[in-house]
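One structure is given below, represented as structure tokens, and several questions about it will come after.
The values are calculated or read from the model by the stated rules, or taken from the named source; none is laboratory data. All values derive from a computational prediction rather than experimental measurement. Here Cβ is always computed from backbone atoms with ideal geometry, including for glycine, and neighbour counts include all displayed protein chains. Remember, those area values only see protein heavy atoms, side chains included, never the ligands or the DNA or RNA. Shrake-Rupley method; radii C 1.70, N 1.55, O 1.52, S 1.80 Å.
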Amino acid sequence: MKYMMFIKHSEDYRGQPIPQKLLQAMGEFVNEGFKSGILKDTAGLKGSADGFRVRLSRGKLKVTDGPFSEAKEVVGGYAVVDVASNEKARELARQFMDLHRIHWPEFEGECEVRPLEEQ
């Protein structure tokens, strides 16, 4: 089953350098995921200042350019994984966040994991 994993955190982290040890550990984690076939796609996202939203409300569309100052958390990146079970997806999310705990102890955020609809 495929799952979408989102890393969510305060936009304040955008102005901070990512620790080199975290970048190295993430590189190894991502390479292993691609080699094993579990990881299908992943990327970091630019800050909300570079984005926009298109909202449908009461039959009308409204486009709002970023940044989105009202947002307490932003999606900083995503991954699509293909694993056999919910438990395996949970394990991957824990490993991913554990890399942040170990290599960037000041970081606070969450990894939201949701199964994709079957096609």
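With at pLDDT 95 or above, at negative phi and either open to solvent by 90 Å² or more (accessible area, probe 1.4 Å) or touching a Leu at 6+ places or on another chain (Cβ under 8 Å) (or both) as the only criterion, which of Glu87, Glu70 stands out?
Answer to the check: Glu87.
Name the single residue, out of those in the range 90-119 being among the charged types (D, E, K, R) and within 17 Å of Ile38 (Cβ to Cβ), that is most open to solvent (accessible area, probe 1.4 Å).
Filtering first and then ranking leaves Arg94.
Taking the range 36-55, which residues are under 12 Å from the mean Cα position of the chain (by Cα) and among the basic types (Lys, Arg)?
Lys46
Still on this structure, I have one more. Which of the following residues is outside any helix (DSSP H, G or I), hydrophobic (A, V, I, L, M, F, W, C) and surrounded by 17 or more Cβ atoms within 10 Å (Cβ to Cβ): Met5, Met26?
Met5
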